[in-house]
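This report concerns only the one structure given below.
The values are calculated or read from the model by the stated rules, or taken from the named source; none is laboratory data. This structure is a prediction, so every number in the text was calculated from the model and none was measured. Here the Cβ is made from the backbone with ideal geometry for all residues, glycine too, and neighbour counts use every protein chain on show. The accessibility values were calculated without ligands, DNA or RNA, using every heavy atom of the protein model including side chains. Shrake-Rupley method; radii C 1.70, N 1.55, O 1.52, S 1.80 Å.
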Amino acid sequence: LVLVSNLSLAFIAHYNGPSYWQSLKNATSARFSTVAFSSYAILAALYVTTMVAGYATFGDVSVVNILLNYSPHDILSTLGRLATGLSLLFGFPLISKGAREGLKNTASALGWSQIAQPDVHVRLVSTLLVVTTCAALCLRDIQLVAGLTGAVMGSALVYICPPILYYRIVRKKYGTGSLEAKVARKNLLLVPFGCFTAAMGVAMTLRNAK
């Protein structure tokens, strides 16, 4: 369940998907798919290589952040920590942009359209920056964050939100009593399964974090 929670995190990696689509030259579904699959293939190869090398070096005593296994006096590991810090520093705007736009869209959908107004942009960004920075300073175990995020958001994105959205779209198009709506309603059975998966994922992640 902990593994499933962490793997579910991969489905949330497209938070900037619309922005990437808009910036893609000659944007088509085929070109976008090629870019996405190529990027994920390269990233998967890099992550697998790093994980295999880390476990081959330290075995069962490998920690979540493999750099913590190395001596603080090791020059190469220090450079690795520096590179990681720079990666987080310069990658933060990409993640922040996705979070900001997602928050704006969610707030507008819930009736709080004032959050998406240009005059509150600075306050919104400042608030997000303060909250995320405080969380980063307080939390030291990235596995806990990834597990909880994957368990809750991954389950919502994979099992809960799609069937609800699909049913509402079909119901709006064909009517509540239509055959299409009745068939689409069966997809709602995935919602309790998603809630169960999310709850179990959170419970197991918290249990293994102790």
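Check whether at least one residue in the stretch 55-62 is of a type in the set (Phe, Trp, Tyr), surrounded by 12 or more Cβ atoms within 10 Å (Cβ to Cβ) and modelled with pLDDT of 85 or more, and report yes or no.
As a first pass, look at the stretch 55-62 and keep what is of a type in the set (Phe, Trp, Tyr): 55, 58.
Next cut, surrounded by 12 or more Cβ atoms within 10 Å (Cβ to Cβ) only: 55, 58.
Then keep just the ones that are modelled with pLDDT of 85 or more; that gives 55, 58.
Yes, there is a match, as at least one residue in the stretch 55-62 is of a type in the set (Phe, Trp, Tyr), surrounded by 12 or more Cβ atoms within 10 Å (Cβ to Cβ) and modelled with pLDDT of 85 or more.
Scan the stretch 96-104 and tell me whether some residue there is surrounded by fewer than 11 Cβ atoms within 10 Å (Cβ to Cβ) and not β-branched (Val, Ile, Thr).
Within the stretch 96-104, the first condition is being surrounded by fewer than 11 Cβ atoms within 10 Å (Cβ to Cβ), and the residues that meet it are none.
The answer is no; no qualifying residue exists.
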Could you check the stretch 163-182 and list, in sequence order, the residues that are within 29 Å of residue 102 (Cβ to Cβ) and either open to solvent by 60 Å² or more (accessible area, probe 1.4 Å) or touching a residue at least 24 places away in the same chain (Cβ under 8 Å) (or both)?
163, 164, 165, 166, 168, 169, 171, 172, 173
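Somewhere in the stretch 74-95, is a residue over 30 Å from residue 18 (Cα atoms) and assigned to a loop (DSSP other than H, G, I, E, B)? Give the steps one after another, and end with the answer.
From the stretch 74-95, those over 30 Å from residue 18 (Cα atoms) are 74-82; that's our starting set.
Then drop every residue that is not assigned to a loop (DSSP other than H, G, I, E, B), which leaves 74.
For the stretch 74-95, residues over 30 Å from residue 18 (Cα atoms) and assigned to a loop (DSSP other than H, G, I, E, B): present.
Output yes when any residue across the stretch 143-160 is loosely packed, with under 11 Cβ neighbours inside 10 Å and modelled with pLDDT under 80, and no when none is.
Kept after step one, since they are loosely packed, with under 11 Cβ neighbours inside 10 Å, are these residues of the stretch 143-160: none.
Checking the stretch 143-160: not a single residue is loosely packed, with under 11 Cβ neighbours inside 10 Å and modelled with pLDDT under 80.
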Somewhere in the stretch 176-198, is a residue within 21 Å of the chain's Cα centre (by Cα), under 30 Å from residue 62 (Cα atoms) and assigned to a loop (DSSP other than H, G, I, E, B)?
no
If you take the residues of the stretch 125-142 that are among the polar types (S, T, N, Q) and open to solvent by less than 70 Å² (accessible area, probe 1.4 Å), which of them is farthest from residue 197 (Cα to Cα)?
126
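Might you let me know whether the stretch 37-45 holds any residue that is modelled with pLDDT of 80 or more, under 30 Å from residue 157 (Cα atoms) and either in contact with a helix residue (DSSP H, G or I) (Cβ under 6 Å, 6 or more places away or on another chain) or in a loop (DSSP other than H, G, I, E, B) (or both)?
Within the stretch 37-45, the first condition is being modelled with pLDDT of 80 or more, and the residues that meet it are 37-45.
Filter once more, so that each one left must be under 30 Å from residue 157 (Cα atoms): 37-45.
Next, only the ones that are either in contact with a helix residue (DSSP H, G or I) (Cβ under 6 Å, 6 or more places away or on another chain) or in a loop (DSSP other than H, G, I, E, B) (or both) stay: none.
No, every residue in the stretch 37-45 fails to be modelled with pLDDT of 80 or more, under 30 Å from residue 157 (Cα atoms) and either in contact with a helix residue (DSSP H, G or I) (Cβ under 6 Å, 6 or more places away or on another chain) or in a loop (DSSP other than H, G, I, E, B) (or both).
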Residues being acidic (Asp, Glu) and farther than 14 Å from residue 18 by Cβ - total across the stretch 100-119:
1
